[in-house]
């Protein structure tokens, strides 16, 4: 590679993908995650991003951020494959000081982005810089036992951002959901609410008896 500084940048992005991006995404869309668990996870990442990286950062022997469990980190490494991780580690060893320096320069900005992004759910990650307007504890009656289906919400937010950028106007999100479900009905797909029929009938029979 004729641009040595680009090699360092790519190494940093690769390491951030393994240590931060993939664990963040996997935890965010986990179907059994609750608001309480996500709040603790995001706060742990926020704290970790404020610390200098360790010497094991490029070897991937342990998670860089303590809030990322060994199980989660192992699954992330498995998706990258050992061959890829070893290649990154070998090249990073030649530019270790530069990789650490650039990563430490980036982490405070990533910390700010995380706090700003998660403010949409008002988890109180950085209350001094981004105070909570609508705490999640006031929006859900049981934040410890309610699963959070983030992937659907993230997709809706992505659609909203895209429309605002391209069209400059925004229709009601409910209209988009209705149109999507109408398309599913036209295509012959069984909507998810049909699954509640059996439970509703059973409940009715119990009440009648």
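Odds and ends about this structure:
Here's the yes/no breakdown for (1) in the same structural domain as residue 80 (by TED's automatic domain parsing); (2) touching a helix residue (DSSP H, G or I) at 6+ places or on another chain (Cβ under 6 Å); (3) more than 24 Å from residue 96 (Cβ to Cβ):
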position: 11; (1), (2), (3): yes, yes, no
position: 19; (1), (2), (3): yes, no, no
position: 33; (1), (2), (3): yes, no, yes
position: 38; (1), (2), (3): yes, no, yes
position: 43; (1), (2), (3): yes, no, yes
position: 48; (1), (2), (3): yes, no, no
position: 54; (1), (2), (3): yes, no, no
position: 60; (1), (2), (3): yes, yes, no
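- Residue match in the stretch 96-103 (condition: part of a helix (DSSP H, G or I), closer than 21 Å to residue 125 by Cβ and in the same structural domain as residue 125 (by TED's automatic domain parsing)): yes
- Matching residues in the stretch 31-78 - criterion: being touching a residue at least 60 places away in the same chain (Cβ under 8 Å) and surrounded by fewer than 19 Cβ atoms within 10 Å (Cβ to Cβ): 31, 32, 33, 34, 36, 43, 50
The values are calculated or read from the model by the stated rules, or taken from the named source; none is laboratory data. All values derive from a computational prediction rather than experimental measurement. Note that each Cβ is placed from the backbone with ideal geometry, even for glycine, and that neighbours are counted across all protein chains shown.
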